[in-house]
Amino acid sequence: MIYNNLKIFSQNVCKNALIVNTILETYSYFNIIFIQELLWSIICSIPSLTSSKGDSLVGAPYHSNWLFFARPSVSQSDSSRVMAYINICLSLLHFSLCKDIINHKDILLISFFSNNVCSFIMNVYSNYSHSALKYLKDTEMNINNLLIMIGDFNIRD
């Protein structure tokens, strides 16, 4: 069964793209990498109908051996602070972002299928005001088959 063999790594990268690139390049023996406090930066300029200089394409580090999952943002202030990289060797498990169940910029819920069973994994970043934890507490939901909830909870005790 896949659950017994999953290797998961989680890291708060403090908005440092070099750390993310290093992790993606050197931690290929992991199946899933959860990142908190990622850096969304300008990747390049793309052609635009409204500006002769083009529009800025904003994104996170990319690596061809990893599938990238993050909640799409509407604005810069709404940018997700959690993401996941799934090793492409697991692509047959049909991973999917579940923003219809949880739609919070600091919580990432991903589903996948193994042996016709839908399971979930969750990445959480809790900021200084603990908005993600309050959201989870205040939102009544029952997620069956949640295998792991991991992240940076910023709780001292």
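The values are calculated or read from the model by the stated rules, or taken from the named source; none is laboratory data. Here the structure is a predicted model, which means the values were calculated and not measured. Cβ sites come from the backbone with ideal geometry, for glycine too, and all protein chains shown count toward neighbours.
Tell me whether the stretch 74-92 contains one or more residues that are surrounded by 14 or more Cβ atoms within 10 Å (Cβ to Cβ), of a type in the set (Ser, Thr, Tyr) and closer than 25 Å to TYR128 by Cβ.
There is at least one residue in the stretch 74-92 that is surrounded by 14 or more Cβ atoms within 10 Å (Cβ to Cβ), of a type in the set (Ser, Thr, Tyr) and closer than 25 Å to TYR128 by Cβ.
Are any of the residues in the stretch 92-113 within 21 Å of LEU6 (Cβ to Cβ), out of contact with any Phe, Trp or Tyr (no Cβ under 8 Å at 6 or more places or on another chain), at pLDDT 95 or above and of a type in the set (S, T, N, Q)?
The answer is no, given that none of the residues of the stretch 92-113 is within 21 Å of LEU6 (Cβ to Cβ), out of contact with any Phe, Trp or Tyr (no Cβ under 8 Å at 6 or more places or on another chain), at pLDDT 95 or above and of a type in the set (S, T, N, Q).
For residues that are exposed (fewer than 14 other Cβ atoms within 10 Å of the Cβ) and at pLDDT 90 or above, tally how many sit in the stretch 117-145.
5
Filter the stretch 10-44 for residues that are closer than 27 Å to TYR128 by Cβ and touching a helix residue (DSSP H, G or I) at 6+ places or on another chain (Cβ under 7 Å) and give the result.
Once the filter is applied, which keeps residues that are closer than 27 Å to TYR128 by Cβ and touching a helix residue (DSSP H, G or I) at 6+ places or on another chain (Cβ under 7 Å), the stretch 10-44 yields GLN11, VAL13, ILE33, ILE35, LEU38, LEU39, SER41.
Could you figure out which of (1) at pLDDT below 85; (2) in contact with an Asp or Glu (Cβ under 6 Å, 6 or more places away or on another chain) isn't true of ARG81?
Failed condition: (1).
Among the residues of the stretch 101-113, is any of a type in the set (Asp, Glu) and assigned to a strand (DSSP E or B)?
Among the residues of the stretch 101-113, not one is of a type in the set (Asp, Glu) and assigned to a strand (DSSP E or B), which makes the answer no.
From the list LEU67, LEU93, LEU109, pick out the single residue that is on the phi < 0 side of the Ramachandran plot and in contact (Cβ under 8 Å) with a residue 60 or more places away in the chain.
LEU93
Is it the case, given these coordinates, that LEU67 is assigned to a helix (DSSP H, G or I) and in contact with a strand residue (DSSP E or B) (Cβ under 9 Å, 6 or more places away or on another chain)?
no
Scan the stretch 10-35 residue by residue and report those that are touching a residue at least 40 places away in the same chain (Cβ under 8 Å) and in a strand (DSSP E or B).
SER10, ASN12, ILE32, ILE33, PHE34, ILE35
Has the stretch 143-154 got any residue that is in contact with a Leu (Cβ under 6 Å, 6 or more places away or on another chain), among the β-branched types (Val, Ile, Thr) and in a loop (DSSP other than H, G, I, E, B)?
No: zero hits.
When you scan the stretch 36-57, do you find a residue that is modelled with pLDDT of 85 or more, outside any loop (DSSP other than H, G, I, E, B), under 16 Å from the mean Cα position of the chain (by Cα) and under 24 Å from ASN154 (Cβ atoms), even just one?
Scanning the stretch 36-57, I find at least one residue that is modelled with pLDDT of 85 or more, outside any loop (DSSP other than H, G, I, E, B), under 16 Å from the mean Cα position of the chain (by Cα) and under 24 Å from ASN154 (Cβ atoms), so the answer is yes.
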